1. Within the chain, what's the longest run with no trypsin sites (Lys or Arg not before Pro) in a DSSP loop and at most 16 other beta-carbon atoms within 10 Å? Give the range, please.
2. May I ask you to compute the full-extension gain from GLN86 to ARG21, defined as 0.36 nm times their residue separation minus their alpha-carbon distance, rounded to one decimal in nm?
3. Give the long-range amide H neighbours of HIS107: residues separated by 5 or more places, or on another chain, with amide H under 5 Å away, using H modelled in the peptide plane at 1.01 Å from N.
4. Could you list which residues have their amide H under 5 Å from that of THR32, counting only those 5 or more apart in sequence or on another chain, with H placed in the peptide plane?
5. Give me the net charge for the shell around ALA119: Cβ to Cβ below 13 angstrom, other residues only, Lys and Arg +1, Asp and Glu -1.
6. Along the charge dipole of the chain, Cβ charges K/R +1 and D/E -1, which of PRO104, ALA59, ILE2 sits furthest on the positive end?
7. Measure nothing but the geometry: give the 0 to 90° angle between the long axis through the Cα atoms of 93-102 and the longest principal axis through the Cα atoms of the chain, rounded to 10°.
8. In whole Hz and in residue order, list the ³J(HN,Hα) couplings for segment 105-118 that follow from phi through the Karplus curve 6.51 cos²θ - 1.76 cosθ + 1.60, θ = phi - 60°; x for Gly and Pro.
Amino acid sequence: MILGIGTDLCNIDRIEGVLARHGDRFKNRVYTEREQRKAEGRPRAIAATYAKRWAAKEACSKALGTGLRMGISWKDMAVSNLRTGQPVMHVTGWAAERLAAMTPPGHEAIIHVTLTDDAPWAQAFVVIEARPIAGPT
Ligand SMILES: CC(C)(COP(=O)(O)OP(=O)(O)OC[C@H]1O[C@@H](n2cnc3c(N)ncnc32)[C@H](O)[C@@H]1OP(=O)(O)O)[C@@H](O)C(=O)NCCC(=O)NCCS
């Protein structure tokens, strides 16, 4: 069953401006080390990579039904990539607690995320699915 969905559009130019003005302070407040390594390793797409991850965090907070104002820290929702390039969302801290609270007994929660960008926009969709945990056969 679907527990939550969320979407967000983020303006890459806006992120570029924030990066220029606040640099490391912004990066360290919002992005994990792994996310920063991914973005900084793409000299021609730094802002776009950060913008996609910003959109992913916003979309995830919506799927969790909270929004960011209710105390989820940005780094509690982090994107990594499989070897194929497919993005994966990891939640920790308050976001993980919220995910556990919304997951029905006997189920596990799976967070699906998809990202895209086409300047000046970066976009993310997040779907949270609950799957029954297979019992003993
Ligand atoms: C997946 C693919 C369609 C993305 O095309 P694109 O035009 O770069 O895509 P967009 O700009 O719309 O989106 C980029 C995002 O797609 C996502 N993505 C990349 N590969 C993906 C995959 N295999 N599955 C799902 N999502 C994927 C990533 O989140 C990426 O953003 P990020 O790298 O910042 O996390 C394209 O890379 C492709 O056809 N790849 C074929 C498989 C391939 O070449 N694999 C190489 C490694 S084995």
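Read-outs throughout are calculated quantities, based only on the coordinates presented, and are distinct from any laboratory measurement. Keep in mind the model is a prediction, meaning the values are calculated, not measured. With ideal geometry, Cβ positions are generated from the backbone for all residues, glycine too; neighbour counts draw on all protein chains shown.
1. 84-137
2. Stretched fully, the GLN86-ARG21 segment lengthens by 20.3 nm.
3. So HIS107 has HN proximity to ILE133.
4. Counting only residues 5 or more places away or on other chains, the set is empty.
5. Its environment carries a net charge of -1.
6. My answer, from the dipole projection, is ALA59.
7. For 93-102 against the chain, the angle is about 40 degrees.
8. x, x, 10, 10, 9, 10, 9, 9, 9, 9, 10, 8, 8, 8
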